[in-house]
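K.L.:
Let me give you the structure first, and then I'll get to my questions.
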Amino acid sequence: MRVLAFDTATRATAVALCDLGDGAGGDERFAACVERRDDPPAGMRPGHAARLLELVAAAMSDAGASWPELDRLAVGVGPGTFTGLRIGIATAHALARARGIPLVGVSTLESLALAGARHESARVPLPGGAVAGVIDARRGEVFAAAWRVDPGPRMGLGERLLAPVAIAPDALATELAGLRSAVLAVGDGAVEFRSALERSGAVIPEDGAEVHRVSAICHCELASEQRPGGPEDVSPSYLRLPDAEIARRGR
């Protein structure tokens, strides 16, 4: 199965194309993955609108893939920034309709957590533990969700322990402490609010670790396990009102 996936929920624009083989499992399924991404420096605006289709074309070219060869298209549905999600999902809708490719929406937090479960930091503290995806939501909040780590040849996610939520970092720390498990927290929100989350006992990799960046490679895997549908079945998960709407209601 060949899956093209992309995510624009955070400041980054991440695109991946993976040949998942026959779906039998094992590392060999993921030997043929190409990822292209844009990570704007601090202080620079996200380049979703300008870079997304450029990165899609680059990933397909590097993988030697053509549109008719794709079995599935996947897009990150957030939670994340309102504008970023709107750009990514609108692009996915357009491509799915134009090319006749089944479309799947993937939780950005779940993809982030899946990468965390496989990070080297998870091996020591987390057998039987949990992993939390944490995205900086601005306004002093984070988007977060947590899963039990499912040990296996590749490590995966088991039971969901915390449903996706927009929450203050101190409140999230309380939730994570209440899980009564070793917790690995990953994502730019975990970096930004490290001190609050570490007080809960959570383990957070070093600030520059790759695991804090959303990777579309994990989107491909999650998408391969879902039932595909049409564009009308995929919508953004905002979790809260956009800034403009909050300002309007305040006025």
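The values are calculated or read from the model by the stated rules, or taken from the named source; none is laboratory data. These figures come from a predicted structure and were not determined experimentally. FYI the Cβ positions are ideal-geometry reconstructions off the backbone, even for glycines, and counts take in every protein chain you see.
K.L.:
Of the numbered conditions (1) within 23 Å of L114 (Cα to Cα); (2) crowded, with 16+ Cβ neighbours inside 10 Å, A32 satisfies every one except a single condition; which is it?
P.N.:
Answer for A32: the failing condition is (2).
Residues checked against (1) over 23 Å from H212 (Cα atoms); (2) among the small types (G, A, S); (3) assigned to a helix (DSSP H, G or I):
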position	(1), (2), (3)
A16	no, yes, no
A42	no, yes, no
A65	yes, yes, no
P68	yes, no, yes
G80	no, yes, no
A90	yes, yes, yes
R97	yes, no, yes
L114	no, no, yes
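K.L.:
I need a count of the residues in the stretch 216-246 that are of a type in the set (G, A, S), at pLDDT below 95 and touching a strand residue (DSSP E or B) at 6+ places or on another chain (Cβ under 8 Å).
P.N.:
Looking only at that region, the number is 3.
K.L.:
Any idea which of (1) over 15 Å from A202 (Cβ atoms); (2) modelled with pLDDT of 95 or more; (3) surrounded by fewer than 18 Cβ atoms within 10 Å (Cβ to Cβ) is the one A92 doesn't satisfy?
P.N.:
Unmet for A92, out of (1) over 15 Å from A202 (Cβ atoms); (2) modelled with pLDDT of 95 or more; (3) surrounded by fewer than 18 Cβ atoms within 10 Å (Cβ to Cβ): (3).
Matching residues to (1) in contact (Cβ under 8 Å) with a residue 12 or more places away in the chain; (2) touching a His at 6+ places or on another chain (Cβ under 7 Å); (3) more than 11 Å from T13 (Cβ to Cβ):
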position: A32; (1), (2), (3): yes, no, yes
position: P41; (1), (2), (3): no, no, yes
position: L55; (1), (2), (3): yes, no, no
position: L73; (1), (2), (3): yes, no, yes
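K.L.:
On the basis of being in the same structural domain as W147 (by TED's automatic domain parsing), over 17 Å from H219 (Cα atoms) and surrounded by fewer than 18 Cβ atoms within 10 Å (Cβ to Cβ), does E120 make the cut?
P.N.:
Taking the combined requirement at face value, the residue satisfies it.
Matching residues to (1) under 15 Å from the mean Cα position of the chain (by Cα); (2) over 30 Å from P40 (Cβ atoms); (3) part of a loop (DSSP other than H, G, I, E, B); (4) of a type in the set (S, T, N, Q):
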{"residue": "R148", "(1), (2), (3), (4)": "no, yes, no, no"}
{"residue": "R154", "(1), (2), (3), (4)": "no, yes, yes, no"}
{"residue": "V211", "(1), (2), (3), (4)": "yes, no, no, no"}
{"residue": "C218", "(1), (2), (3), (4)": "yes, no, no, no"}
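K.L.:
Pull out all pairs, ordered by first then second residue, where Cβ-Cβ is under 8 Å, the residues are six or more apart or on different chains, the first lies in the stretch 209-225 and is at positive phi and in the same structural domain as A74 (by TED's automatic domain parsing), and the second is of a type in the set (S, T, Y) and assigned to a helix (DSSP H, G or I).
P.N.:
Partner pairs satisfying both residue conditions: none exist.
K.L.:
Something else now. Of the residues I135, I101, I89, which single one is in contact (Cβ under 8 Å) with a residue 24 or more places away in the chain, outside the structural domain of L179 (by TED's automatic domain parsing) and touching a Leu at 6+ places or on another chain (Cβ under 9 Å)?
P.N.:
One residue alone meets the criteria, I101.
K.L.:
Exactly one of these conditions fails for L109: (1) more than 21 Å from R227 (Cα to Cα); (2) among the hydrophobic types (A, V, I, L, M, F, W, C); (3) crowded, with 19+ Cβ neighbours inside 10 Å; (4) at pLDDT 95 or above. Give me its number.
P.N.:
(1)
K.L.:
Here's something else I'd like to know. Take the stretch 156-174 and flag every residue that is within 20 Å of the chain's Cα centre (by Cα) and without any contact (Cβ under 8 Å) to a residue 12 or more places away in the chain.
P.N.:
G158
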